[in-house]
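One structure is given here, and the rest of the page talks about it.
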Amino acid sequence: MNGVFKNLPKLGIRPAIDGRRNGVRESLEDQTMGMAKAVAELISSTLRHATGEPVECVIADTTIGGVAEAAACAEKFARENVGVSLTVTPCWCYGSETMDMDPLMPKAVWGFNGTERPGAVYLAAVLAAHNQKGLPAFGIYGSEVQDGSDRTIPDDVRDKILRFVRAGIAVATMRGRSYLSMGAVSMGIAGSIVDADFFQRYLGMRTEYIDMSEFQRRLQLSIYDPVEYEKALAWTLANCKEGFDPNGDKSSDPARKRWEWETSVKMCLIARDLMVGNPRLAELGYIEESCGHHAIAAGFQGQRQWTDFMPNGDFMETMLNTSFDWNGPRQPLILATENDCLNGVGMLFGNLLTARAQIFSDVRTYWSPDAIKRVSGHVVEGAAAGGLIHLINSGATCLDGAGEMTIDNKPGIKPFWEVTEDDQRRSLEATRFCQADHGYFRGGGWSTDFMTRGGMPVTMTRLSLVAGVGPVLQIAEGETVALPERVHDILDQRTSPTWPTTWFAPRLTGEGPFKSVYKVMAAWGANHGAISYGHIGADLMALAAMLRIPVAMHNVEDEAIFRPSAWAMFGMDPEGADFRACQTFGPLYG
């Protein structure tokens with residue numbers, strides 16, 4: 001879709017071997033290289049980038065028995081744009097002579113669990129070297145002994161390899177790309193204070209900044225593709241059905257509403273072009289503008305300097321975050337409401353791990369079962385028995401968030417390359433575009449309104465910056481809940497009924513903040529949350545460890561947690577050990 005996603009990072013596979021010649025090394029060549037080829041086949045046939053392209057693998061030209069071959073492998077990886085490193089071996093090797101020494105590359109080692117040769121011994125030895133040298137690596141070791149002739153990858157090993165590579169590719173994809181701040185701080189929201197130091201040191205990203213007056217310049221000078229604009233406007237007017245207008249006798253007249261639609265569509269094109277560029281602009285004479293800001297994520301301030309006199313950014317944020325538009329299915333962009341860059345980063349994490357559109361929401365209200373019964377007469381049960389969190393926001397909730405797509409006969413959000421015409425139609429039919437509440441948005445605009453279908457597994461995250469600690473991640477897995485329409489309307493009418501709603505029931509564990517839904521709400525680190533389809537908490541925790549971002553709150557099962565082996569050296573309390581390890585090793589990029 002855009003130049004930001006050219007030259008995608010690859011997985012580098014390092015087959016390490018016992019360097020002793022005259023019989024030992026020669027007897028292990030086929031098995032060792034076979035492990036590397038089996039991993040390459042697993043990855044390339046299973047994992048895709050957020051662009052939809054398969055993750056490519058690069059295997060060292062030879063097995064690695066010593067430092068000279070390790071150096072040759074590193075040179076090849078540098079030429080091939082390898083961003084993640086996985087060492088595989090069935091045998092003893094020379095630890096510090098064969099290890100990957102790149103300080104910026106996420107790395108793991110798979111030691112074959114067999115009795116013929118001590119792969120586990122090398123795994124332990126090389127992980128000790130990684131820990132001693134301050135180069136954390138993930139250790140992978142199967143729970144069951146395999147025969148030396150067995151070329152299969154056991155399920156537990158497969159799961160860890162895939163988790164490591166998913167997270168590692170996400171880390172490598174962010175590096176060198178940009179966050180684009182469109183505007184500045186919105187209404188004093190701390191998450192929209194864009195901290196360039198955080199982006200640089202923890203994510204390896206640039207921060208780019210423009211004033212919202214750049215939107216005005218491009219609107220006034222028509223710096224957008226006029227042909228695509230006409231196509232986008234026609235599609236919008238045909239498919240985006242207007243909903244409730246809350247403004248009564250202060251509602252905009254038909255001519256003003258038409259202008260708001262036209263301006264909202266133009267804002268979509270302008271924001272996209274600002275993020276990723278558009279070669280069509282060069283053809284129109286705007287060469288500099290055609291380049292974009294190489295942004296993998298962005299945020300729009302909106303309130304209040306823009307929205308007090310211009311249409312809000314809701315339609316723009318919704319459509320760019322959605323996995324389809326007037327051009328059909330396409331890779332969703334990441335665009336945060338109110339320029340909350342920290343929630344934008346949470347959305348970016350989810351998108352890179354799942355290749356799916358992300359939901360941006362206010363974490364608005366905790367509804368207890370008693371409160372729901374008091375105002376509606378309805379008794380909640382099942383997943384909602386402990387109460388619900390009302391997730392709602394005027395802006396960047398993608399149309400995919402309606403849950404009108406189907407995965408295994410259940411509501412879901414698909415990667416864009418699986419989105420069908422029927423998926424698009426159903427998502428649009430379930431959505432109404434309501435006139436913006438002029439109490440909030442004096443310049444008007446169009447807010448998306450739907451209720452997410454129930455039964456969808458989701459993960460809510462929040463990245464926060466804490467003085468003296470740095471970035472901290474919170475994770476809550478759970479599911480969406482569908483309330484009866486009458487009950488939803490009663491609850492929804494008490495807040496902002498022209499905005500999209502997701503009723504969220506976090507999975508409770510009986511411990512800490514997950515003792516109750518109320519405690520989850522009370523412990524949440526900010527007013528916004530990023531919601532991703534699927535239970536991806538373990539992937540997020542692996543990703544956070546790679547970046548040295550501690551996780552302060554989660555409900556991920558212990559068996560699924562996968563972190564570098566060094567974390568076990570920081571004590572037996574996992575959360576405390578995570579904080580200590582992240583503090584000790586420091587941000588990935590210094």
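The values are calculated or read from the model by the stated rules, or taken from the named source; none is laboratory data. Source: prediction; values computed, not measured. Every residue, glycine among them, receives a Cβ derived from its backbone with ideal geometry; neighbour counts consider all protein chains shown. Just the protein is used for accessible areas: all its heavy atoms, side chains included, with ligands, DNA and RNA removed. Shrake-Rupley method; radii C 1.70, N 1.55, O 1.52, S 1.80 Å.
Results, tabulated for the structure shown:
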| quantity | calculated |
| --- | --- |
| Hits in region 573-589 - residues which are over 23 Å from the mean Cα position of the chain (by Cα), over 11 Å from R563 (Cβ atoms) and of a type outside the set (S, T, Y) | D573, G576, R580, Q583, F585 |
| Residue among S565, S516 that is in contact (Cβ under 8 Å) with a residue 40 or more places away in the chain and surrounded by fewer than 19 Cβ atoms within 10 Å (Cβ to Cβ) | S516 |
| Filter result for the condition that a residue is under 23 Å from W235 (Cβ atoms) and either open to solvent by less than 10 Å² (accessible area, probe 1.4 Å) or within 15 Å of the chain's Cα centre (by Cα) (or both), over N312, N351, N327 | N312 |
| S85, sole failed condition from (1) within 27 Å of T152 (Cβ to Cβ); (2) under 26 Å from the mean Cα position of the chain (by Cα); (3) open to solvent by 60 Å² or more (accessible area, probe 1.4 Å) | (3) |
| Residue in region 237-258 that is assigned by TED's automatic domain parsing to the domain that holds F433, among the acidic types (D, E) and within 30 Å of the chain's Cα centre (by Cα) present | no |
| Hey, A38 buried (at least 23 other Cβ atoms within 10 Å of the Cβ), within 29 Å of the chain's Cα centre (by Cα) and either assigned to a helix (DSSP H, G or I) or small (G, A, S) (or both) or not | no |
| Candidate set from region 16-34 (those that are in a helix (DSSP H, G or I) and in contact with a Ser or Thr (Cβ under 7 Å, 6 or more places away or on another chain)); member that is surrounded by the most Cβ atoms within 10 Å (Cβ to Cβ) | T32 |
| Check on L203, within 23 Å of D100 (Cβ to Cβ), among the aliphatic types (A, V, I, L, M), assigned by TED's automatic domain parsing to the domain that holds L348 and in contact (Cβ under 8 Å) with a residue 12 or more places away in the chain | yes |
| Residue satisfying condition, being crowded, with 16+ Cβ neighbours inside 10 Å, under 26 Å from S323 (Cβ atoms) and out of contact with any helix residue (DSSP H, G or I) (no Cβ under 6 Å at 6 or more places or on another chain), within set G243, G299, G292, G277 | G243 |
| Residue in region 423-433 that is over 17 Å from T318 (Cβ atoms) and either more than 26 Å from the chain's Cα centre (by Cα) or assigned by TED's automatic domain parsing to the domain that holds M541 (or both) present | no |
| Residue list for region 323-380, restricted to those being among the hydroxyl-bearing types (S, T, Y) and within 24 Å of I413 (Cβ to Cβ) | S323, T337, T354, S361, T365 |
| Test: Y366 is open to solvent by 10 Å² or more (accessible area, probe 1.4 Å), among the aromatic types (F, W, Y) and in contact with a strand residue (DSSP E or B) (Cβ under 7 Å, 6 or more places away or on another chain) | yes |
| Meets criteria (under 16 Å from R218 (Cβ atoms), buried (at least 20 other Cβ atoms within 10 Å of the Cβ), under 24 Å from the mean Cα position of the chain (by Cα) and of a type in the set (V, I, T)) for I270 | yes |
| Residue identified as closer than 20 Å to P587 by Cβ and in contact with a His (Cβ under 7 Å, 6 or more places away or on another chain) among A172, A137, A167 | A137 |
| Criterion: within 20 Å of R548 (Cβ to Cβ) and of a type in the set (V, I, T) - qualifying residue of V126, V84 | V84 |
| Residue match in region 390-407 (condition: free of Cβ contacts under 8 Å to residues at least 40 places away in the same chain, farther than 25 Å from E53 by Cα and not aliphatic (A, V, I, L, M)) | no |
| Tally of residues being more than 19 Å from the chain's Cα centre (by Cα) and not aromatic (F, W, Y) across region 548-572 | 10 |
| Subset of region 247-262 (residues that are in contact with a helix residue (DSSP H, G or I) (Cβ under 7 Å, 6 or more places away or on another chain) and free of Cβ contacts under 8 Å to residues at least 60 places away in the same chain) | E262 |
| Any helices (runs of 4 or more DSSP H) falling wholly within region 244-331 and containing at least 1 residues that are out of contact with any strand residue (DSSP E or B) (no Cβ under 9 Å at 6 or more places or on another chain) | 254-276, 279-283 |
